[in-house]
Structures are given as structure tokens and as C-alpha cells.
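Before any comments, here is the structure.
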Amino acid sequence: MATTLEQQAEQAAESMTDLVERLARAARTAQAVLARMPSPERARALELAAQALRRAAPDVLAANARDIAAGEANGLSPAMLDRLRLDEKRLEGIAQAVADVAALPDPTGDVIDRTVRPNGMVLERVRIPIGVIGIIYESRPNVTADAAALCVRAGNAVLLRGGSEAVHSNRAIHAALVAGLVEGGVPAAAVQLLPTQDRAAVGAMLAAAGLIDMIVPRGGKSLVARVQADARVPVLAHLDGNNHTYIDRSADADMAKAIALNAKLRRTGICGAMETLLIDACYPDPHGLLEPLLAAGCELRGDARAQAIDPRILPATDEDWDTEYLEAILTVGIVDGIDDALAHIARHSSKHTDAIVAEDAAVAERFLSEVDSAIVMLNASSQFADGGEFGLGAEIGIATGRLHARGPVALEGLTTYKWLVRGSGQIRP
């Protein structure tokens, strides 16, 4: 008798559960080996992985071209295509990021603090790897390399589940990285890419409590929402980047124009891109601030006072103030000073990255102190919201929650700690 659609779906889910369990158990075994490897050996394996990625550049770029062609045929947005696209320069940047991670200090084994109790017992908190980490991500093939490098450097095994739009790129990058890592003595199962694009695999990863120690989602709001709603594994959430830049009345005009233009248009498809520009009503030249954006082809949507500045500014809807566009669209609001700016950001920010341009030190310090975001900037473009730019080598993502890690998550964010207690025969009275 033919199975029903419901039975077929159940069987598929069961097979994905079996697959994820098998991969996770292999990852656990590999992680134990990886954690015992001396730090210099792990670093050397990553250097070899970077070299292997450079050697594989023709294969990776050919695979990426297949993904780009499929994305264009399937109507991917320009922002998504930009995230997906690789060229020689971007691929070299990915390889260099792997090499940079190899050169970073290894946090594992660091003694966070040490105390001696009155009874003579010595207590230490020591950093250790988290274990097996699952990364669920969309579009960006660089995440395959960044996640692998960071996890290996910190002694973690990783299960990677990339999006279907980057499937060929991810497989080519993964194959090159693993070849280099294995040459350096790292077990192949320490870095595994799920061999399927079946969506049931995501559900199986989210349900793999006890097999996967932490899930990191990197993608759109719907992906992160699903992960947070369904996961039985702890989640390190990377939410959307609805980022604001506030131009105070005291801002230097040339600096304000340069930062606003860069924050929005350097790369519109990254999570650090500015999505809302707030301008103090007393700023002396709002038109001069907005003209370069309009001239560069950016669509502006604003409130009534912003629209009065230039007839090319379209009316903003309520939804616009909460939208991560990831393209050349910007919402513009006129606010009555720092209090109004802070209130607007508190209502609409996704708590990713928010910035102020100001020369008034008191206003700047209020903004830095009172904006409750993972990254708060003064007189700098929000496009710097990136682990590499923070000197972290690379990043797993930018965490916008409050627990464990916040902001760009790199090596330290991929560790936990344990207590080491050394006694000399003490017993508790």
C-alpha cells in the first residue's frame, strides 16, 4: 500500500534525524581529538587550510558562478546576489581570514581567575571549547570558511548547514578547507557540511539536544525566528541589522556626509549597513547631508519633515522604520535632539549596531551610555560592525542578545569554562 504524504514526510524527517545524529557523533569523536591537539598544531592546520583554499580558487569560483547563475534565474534580489558573489579579491579575503584566525591567540586553557580559599583549596576558572557547534546560514559562502576556522582554532567541531542558493560554493570551499586541515592532522569529521539541502535537516539539528551543544543561525529574520522558536539546543542568535546613524546638531558636516554615504552604500547587503538616518532638527545643512545619497542612487523614504528637505524623498510607512532593507533604500527621520533620537532608537533598533556623529562630548557620551545595542559607535561608519575589523580575525556572527556573548562572536565567544579545584586533603565540616 502506498504511503500517505504524512507518512512520507515522517520517514524523511526520521532519515534526517539519523543523518544528523551520525554526523554529530562523528563530530563529537573528532572534537575530543581536536581539543587534545596542541594549539600550535591547530594553528598550522589552519594555515594549510588557507593555502588549500587559495590553490582551489579556480574550482571555488567556477562553483560560485553556477550559484550566481541559478540565483539570477530564480530571481534573487541584488542584495542577496551581492552576498553570494565571489571574485578573486573576495576569495583571497576569505583565505586570508582563515590565516588570520590561525595567528590569533588561542583562548582555550586561559585562566580567567584564580582564588585561594581560607582552607587552602586553589580554585581556577579555565576556558575550554564548547564542543560541537551547529551553524545554519544563508547566502554567504564566506561563512563556511569563517565558521570552520574559528571553531577549529577554539577546539570545537562544527556541523555546517548552508543555504541552497550557495550550495556549490559551500561544497567547494568545504572540500578545500578539509583537505588542508587533514594535511595538518585535524580529523575530517571536525568540520562537516551537511550533504543535503532538505529542510528537515534543519529541524533535526534544532532537535539534537545532547548531540549539538550550540546552534548559531546566520540569515534573515524568518530563519532566526524559526531557530529560536524550535530549538531544543542553546542558540546564539544573530538578529537582523536595523541599524541607525544619528547626526547631532554638533556634527562636523564633512564627517557626517562621508559617514552617512559609507554606512549606507559601501555594501548595502551586509548586516552592518545603516538602514535609518536620524537628523537633528537643528543640524544646519540637512540637504547637503542627503544630496550625496540621492546622487548615488539611494532611494530615501522619510517622515514629513524629511520630505520637506527634498521633493525626491518618498513618504515612509510605519513598516519602513523596522525594515532591514539590505539594498539602496534608506529611511530618514528628523528628530528633536538627543532625547528624541534615543527614544526612536529604543523603539525601532534591532540592537545590532547604532551610531552617532557628534562633536558635543556630553551628547556623544549619553548616546554611547544609553543606547542598548551590541555595538554602539561614535564618529564612525556602522559598516565597521565586523569581527575582522574589530581585530578578531573573523566572526561566527554578531550576537544581539544579552547572554554568553554579545557583538562580534569570535574565538572567546566559542568557549565556555570549567572550574579546577586543587586541594591537599580538605574535607568539609
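The values are calculated or read from the model by the stated rules, or taken from the named source; none is laboratory data. Note that this is a predicted model, so its numbers are computed, not measured. Cβ sites come from the backbone with ideal geometry, for glycine too, and all protein chains shown count toward neighbours.
Among the residues of the range 237-262, the ones that are surrounded by fewer than 23 Cβ atoms within 10 Å (Cβ to Cβ) and closer than 20 Å to Thr400 by Cα come to 3 in all. Of note, Val363 satisfies the criterion of being touching a residue at least 24 places away in the same chain (Cβ under 8 Å) and either touching a Gly at 6+ places or on another chain (Cβ under 9 Å) or closer than 23 Å to Cys282 by Cβ (or both). Does Leu403 qualify as being at negative phi, surrounded by fewer than 24 Cβ atoms within 10 Å (Cβ to Cβ) and not assigned by TED's automatic domain parsing to the domain that holds Asp110? When the stated conditions are applied, Leu403 does not pass them. Pairs, please: C-beta under 6 Å, at least 6 apart or cross-chain, first residue more than 29 Å from Arg402 (Cβ to Cβ) and in the range 413-429, second of a type in the set (Asp, Glu) and part of a loop (DSSP other than H, G, I, E, B)? Going by the 6 Å Cβ cut-off, there are no qualifying pairs. Annotation note: of Ala79, Ala65, the sole residue that is touching a residue at least 40 places away in the same chain (Cβ under 8 Å) and surrounded by 14 or more Cβ atoms within 10 Å (Cβ to Cβ) is Ala79.
Screening the candidates Leu294, Leu326, Leu265, Leu277 for the property of being modelled with pLDDT of 95 or more, outside the structural domain of Asp82 (by TED's automatic domain parsing) and buried (at least 19 other Cβ atoms within 10 Å of the Cβ) yields one hit, Leu277.
Scanning the range 350-364 for residues that are assigned to a loop (DSSP other than H, G, I, E, B) and over 17 Å from the mean Cα position of the chain (by Cα), we see that the one that is nearest to Gly241 (Cα to Cα) is Ala358. Just one residue in the set Ala147, Ala95 is within 20 Å of Leu53 (Cα to Cα) and either without any contact (Cβ under 8 Å) to a residue 60 or more places away in the chain or surrounded by fewer than 23 Cβ atoms within 10 Å (Cβ to Cβ) (or both); that residue is Ala95. If the condition is being without any contact (Cβ under 8 Å) to a residue 40 or more places away in the chain and β-branched (Val, Ile, Thr), then the range 376-404 contributes only Val376. Remark: pairs (first residue in the range 317-338, within 12 Å of Lys264 (Cα to Cα) and small (Gly, Ala, Ser); second residue part of a loop (DSSP other than H, G, I, E, B) and at pLDDT 95 or above; Cβ separation under 7 Å; 6+ apart in sequence or on different chains) = Ala328/Gly297; Ala328/Cys298.
I'm trying to understand the selection: among the residues of the range 326-345, which are small (Gly, Ala, Ser) and either assigned to a helix (DSSP H, G or I) or within 23 Å of the chain's Cα centre (by Cα) (or both)?
Scanning the range 326-345 gives Ala328, Gly337, Ala341, Ala343.
Based on this model, can you work out whether Arg90 counts as under 20 Å from Pro408 (Cβ atoms) and at pLDDT below 95? In short, no. Filtering the range 367-387 to residues that are within 16 Å of Ala263 (Cα to Cα), part of a loop (DSSP other than H, G, I, E, B) and not polar (S, T, N, Q) leaves Ala380, Ala385, Asp386. Kindly establish whether Ala103 is surrounded by fewer than 19 Cβ atoms within 10 Å (Cβ to Cβ), touching a residue at least 12 places away in the same chain (Cβ under 8 Å) and touching a Pro at 6+ places or on another chain (Cβ under 9 Å). The answer is no for Ala103. Residues in the range 73-110 that are in contact with a Lys or Arg (Cβ under 7 Å, 6 or more places away or on another chain), among the hydrophobic types (A, V, I, L, M, F, W, C) and not in a helix (DSSP H, G or I): Leu104 alone.
When Gly241, Gly272, Gly297 are screened for being at positive phi and assigned to a loop (DSSP other than H, G, I, E, B), only Gly297 passes. Filtering Ala26, Ala43 for residues that are surrounded by 18 or more Cβ atoms within 10 Å (Cβ to Cβ), over 26 Å from Ala166 (Cβ atoms) and at pLDDT 95 or above leaves a single hit, Ala43.
Within the range 244-265, the set of residues being assigned to a helix (DSSP H, G or I), over 14 Å from Asp360 (Cα atoms) and either of a type in the set (S, T, N, Q) or in contact with a helix residue (DSSP H, G or I) (Cβ under 8 Å, 6 or more places away or on another chain) (or both) comprises Lys257, Ala260, Leu261, Asn262, Ala263, Lys264, Leu265. Scan the range 155-175 for residues that are hydrophobic (A, V, I, L, M, F, W, C) and within 17 Å of the chain's Cα centre (by Cα) and the total you get is 4.
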